[in-house]
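Participant: I am attaching a structure below and will ask some questions about it afterwards.
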Amino acid sequence: MSILIVIICIALILGLIYAWLYRKVSKHIPENYPNPQNRQQIDASKKVLVCFGDSNTHGNVSYNWVNDLSSQLTDYQIFNAGINSDLTYTLLQRFDDVIACKPNFITILIGTNDVNSTMGKTMEKRYQDLGRVSKDISPNFEDFKKNYIEIILQLKTKTQAKIALMSLPVLGEDLAHEANQKADKYSEFVKQLATDEQLIYLPVREKQKEFLQKNPQPLKHTFEEAYKLLNFSAINHYLLGKNWDEISTMHGFQLTPDNIHQNSIAGGMIKDLVEDAIA
């Protein structure tokens, strides 16, 4: 009986840990998200920068380049409007939060999950179950383009902000993988959209691909292991105290802990591009 009780207790503890980590990843909101409460704290003496995007902007399962940028650009009040697992579909539902800040500058980093959700029915269902897309939607490239154009239309119409669009980060470090081939296609559209709309373009993808091409190394994990590696990364970071760079090394990567998110090298590239664009 005592062994059974121990097993039940272990199962309960593991279940609680999993539930906590799931909430940490899927429900967390950045402390400096542009919600009504934080918008009341806007300092009129500073310019406003809103960083709009997904988990690679959110920074709680990835290197937080927005926080580091905030510590360097002291003449800006920076809001983090990144939410884990977001796609262009969900950004369409959140641009009012960005507009309400009356920003001087907006960065947009989106598309990783738009691509990832097309990598098989299992991934599509995962985003549907998270509530990021409705059950009757199968994300696709045409919707990505339509959604992105609408986001830009709304932001250009309803703000006076300078807007910077970023190409997608690498999806894993196998640049020949289907996920990266798709990300190339999505990024080409982003670059063309920036040109067509006379917006700033930040070549995040180009910088990261150049780094990997100059520093080739054999890989220990495939892109298909991303979700498993994300779980391991969250456990190692939040329970064992390892930073994203240590986790990247553990998993045999140079830029990402889990094929999807950024370590300080990859995130630092994003931060530097944004800082240079604003300066």
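Participant: All but one of (1) of a type in the set (A, V, I, L, M); (2) under 24 Å from D96 (Cβ atoms); (3) surrounded by 15 or more Cβ atoms within 10 Å (Cβ to Cβ) hold for L153; state the number of the condition that does not hold.
Facilitator: (3)
Participant: Looking at the stretch 125-135, is at least one residue in contact with a strand residue (DSSP E or B) (Cβ under 9 Å, 6 or more places away or on another chain) and among the charged types (D, E, K, R)? Before the answer, list the steps.
Facilitator: Here is the first cut: in the stretch 125-135, the residues in contact with a strand residue (DSSP E or B) (Cβ under 9 Å, 6 or more places away or on another chain) are none.
Taking every residue of the stretch 125-135 in turn, none turns out to be in contact with a strand residue (DSSP E or B) (Cβ under 9 Å, 6 or more places away or on another chain) and among the charged types (D, E, K, R).
Participant: Do we have K220 as in a helix (DSSP H, G or I), surrounded by fewer than 21 Cβ atoms within 10 Å (Cβ to Cβ) and not small (G, A, S) here?
Facilitator: Details: in a helix (DSSP H, G or I): no; surrounded by fewer than 21 Cβ atoms within 10 Å (Cβ to Cβ): yes; not small (G, A, S): yes.
Judged against the criteria, K220 is not a match.
Participant: A follow-up question, please. For the stretch 29-59: of the residues being among the hydrophobic types (A, V, I, L, M, F, W, C) and farther than 19 Å from E275 by Cα, which is nearest to the chain's Cα centre (by Cα)? Break it down stepwise before answering.
Facilitator: Here is the first cut: in the stretch 29-59, the residues among the hydrophobic types (A, V, I, L, M, F, W, C) are 29, 42, 44, 48-52.
Now restrict to residues that are farther than 19 Å from E275 by Cα: 29, 42, 44.
Values: I29: 13, I42: 24, A44: 29 Å.
The selected residue is I29.
Participant: Which condition number does E206 fail, the rest of (1) part of a helix (DSSP H, G or I); (2) crowded, with 20+ Cβ neighbours inside 10 Å being met?
Facilitator: That leaves (2) as the condition not met.
Participant: Inside the stretch 160-175, can you point out the residues that are assigned to a loop (DSSP other than H, G, I, E, B) and closer than 19 Å to G267 by Cα?
Facilitator: Of the residues in the stretch 160-175, the ones assigned to a loop (DSSP other than H, G, I, E, B) are 160-161, 167-175.
Within the stretch 160-175, S167, L168, P169, V170, L171, G172, E173, D174, L175 qualify.
Participant: Which of the residues belonging to the stretch 87-106 are in contact with a strand residue (DSSP E or B) (Cβ under 7 Å, 6 or more places away or on another chain) and closer than 19 Å to I260 by Cβ?
Facilitator: Within the stretch 87-106, L91 is the sole residue that qualifies.
Participant: Residue check, A44 against (1) more than 20 Å from M269 (Cβ to Cβ); (2) of a type in the set (A, V, I, L, M); (3) crowded, with 16+ Cβ neighbours inside 10 Å, all met but one. Which one?
Facilitator: Failed condition: (3).
Participant: Among the residues of the stretch 124-149, how many are over 14 Å from T88 (Cβ atoms) and either in contact (Cβ under 8 Å) with a residue 40 or more places away in the chain or in contact with a Gly (Cβ under 7 Å, 6 or more places away or on another chain) (or both)?
Facilitator: 2
Participant: Among the residues of the stretch 103-115, is there at least one that is more than 14 Å from Q154 (Cβ to Cβ), over 17 Å from the mean Cα position of the chain (by Cα) and free of Cβ contacts under 8 Å to residues at least 60 places away in the same chain?
Facilitator: Yes: the stretch 103-115 contains one or more residues that are more than 14 Å from Q154 (Cβ to Cβ), over 17 Å from the mean Cα position of the chain (by Cα) and free of Cβ contacts under 8 Å to residues at least 60 places away in the same chain.
Yes/no per residue for (1) touching a His at 6+ places or on another chain (Cβ under 7 Å); (2) outside any loop (DSSP other than H, G, I, E, B); (3) modelled with pLDDT of 95 or more; (4) of a type outside the set (D, E):
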{"residue": "L21", "(1), (2), (3), (4)": "no, yes, no, yes"}
{"residue": "V25", "(1), (2), (3), (4)": "no, yes, no, yes"}
{"residue": "I29", "(1), (2), (3), (4)": "no, no, no, yes"}
{"residue": "D43", "(1), (2), (3), (4)": "no, no, no, no"}
{"residue": "C51", "(1), (2), (3), (4)": "no, yes, yes, yes"}
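Participant: Can you name the residue in the stretch 108-132 that is surrounded by 23 or more Cβ atoms within 10 Å (Cβ to Cβ) and aliphatic (A, V, I, L, M) and, of all such residues, is farthest from A194 (Cα to Cα)?
Facilitator: The residue in question is V115.
Participant: Right, next: Of the residues that make up the stretch 176-197, is at least one crowded, with 16+ Cβ neighbours inside 10 Å, part of a strand (DSSP E or B), in contact (Cβ under 8 Å) with a residue 24 or more places away in the chain and in contact with a helix residue (DSSP H, G or I) (Cβ under 7 Å, 6 or more places away or on another chain)?
Facilitator: No, because not a single residue in the stretch 176-197 is crowded, with 16+ Cβ neighbours inside 10 Å, part of a strand (DSSP E or B), in contact (Cβ under 8 Å) with a residue 24 or more places away in the chain and in contact with a helix residue (DSSP H, G or I) (Cβ under 7 Å, 6 or more places away or on another chain).
The values are calculated or read from the model by the stated rules, or taken from the named source; none is laboratory data. Worth saying up front: this structure is predicted, and the values here are computed from it rather than measured. Because the Cβ atoms are built from the backbone with ideal geometry, glycine has one as well, and the counts that use them run over all protein chains shown.
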